[in-house]
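Remarks on the structure that follows.
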């Protein structure tokens with residue numbers, strides 16, 4: 001009796017696991033990242049790449065997932081702020097707010113998420129920092145919590161491929177060294193940067 005029930009349990013576990021994997025929605029995104037507010041004084045726009053995977057929770061109207069993005073902020077044309085990479089990773093909820101993703105051709109979703117951002121810039125040199133022949137330069141470096149929110153417009157092409165146009169806003173607090181370094185590089189002519197705020201626009205496709 002024990003052996004029979006054990007074999008039944010093992011037999012049903014694999015199909016359930018396979019069903020979960022088959023319900024996952026995978027997407028790849030690419031576009032641009034635009035600095036906002038005071039961040040726009042220090043940086044200009046750059047490329048943005050993203051990847052996410054979601055699992056539906058209820059009637060395909062709500063899903064939970066994980067997202068990863070790479071944003072590349074270019075230096076400001078007036079001030080020698082360093083080109084900066086931002087690696088973002090988060091858990092997110094996505095809720096369908098208009099249209100039917102299963103049967104419709106156009107649908108709209110709202111996205112909200114929380115996670116972290118790792119900041120890593122190109123090298124730069126500060127006048128205020130003591131330097132000698134062993135000094136190899138400074139970088140903006142930190143990992144901080146990040147909040148994300150936005151909208152995704154989905155549409156199905158005649159060949160059945162689902163495309164996504166996503167707009168998101170990310171807010172990342174900057175540590176004190178990074179804020180002071182950026183102010184010094186800008187010769188104290190810009191407003192102090194408290195948090196890095198950026199908006200991304202990406203075109204994506206379901207895989």
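Observations on the model:
- Segment residue 36-residue 161, extension gain: residue separation times 0.36 nm, minus the distance between their alpha carbons: 41.8 nm
- Treating each Cα of the stretch 135-177 as one equal point scatterer and applying the Debye formula with no solvent, the log10 of I(q)/I(0) at q = 0.22, 0.24 Å⁻¹ comes out as -0.82, -0.88.
- CD proxy at 222 nm, helix term only [per DSSP H run n ≥ 4: -39500 (n - 2.57); per residue of the chain; nearest 500]: -5000 deg cm²/dmol
- Shown here: Rg and Dmax of the Cα atoms in Å, derived from the displayed model; of the candidates (1) 17.7, 50; (2) 22.1, 80; (3) 18.7, 56, it corresponds to (2).
- Ordering 54, 41, 122 by the number of other Cβ atoms within 10 Å of each residue's own Cβ, fewest first, gives 122, 41, 54.
- When each of 156, 168, 123 is scored by the number of other beta-carbon atoms lying within 10 Å, the sequence from fewest to most is 123, 156, 168.
- 20 °C / 1.002 mPa s Stokes-Einstein diffusion coefficient of the stretch 72-183, Kirkwood radius on C-alpha pairs, µm²/s: 126
- With neighbour counts taken as other beta-carbon atoms within 10 Å, the residues 100, 69 rank, fewest first, as 100, 69.
- Choice from 125, 42, 89 with maximal GNM fluctuation in the chain (Cα, 10 Å cutoff): 125
- For the stretch 16-89 versus the stretch 109-128, the gap between their alpha-carbon centres in whole angstrom: 12
Taken together, the values in this text are just the output of simple stated rules run on the coordinates, not laboratory data. Keep in mind that this is a model prediction, so the values were computed, not measured. As a convention, Cβ positions derive from the backbone with ideal geometry for all residues, glycine included, and neighbour counts pool all protein chains shown.
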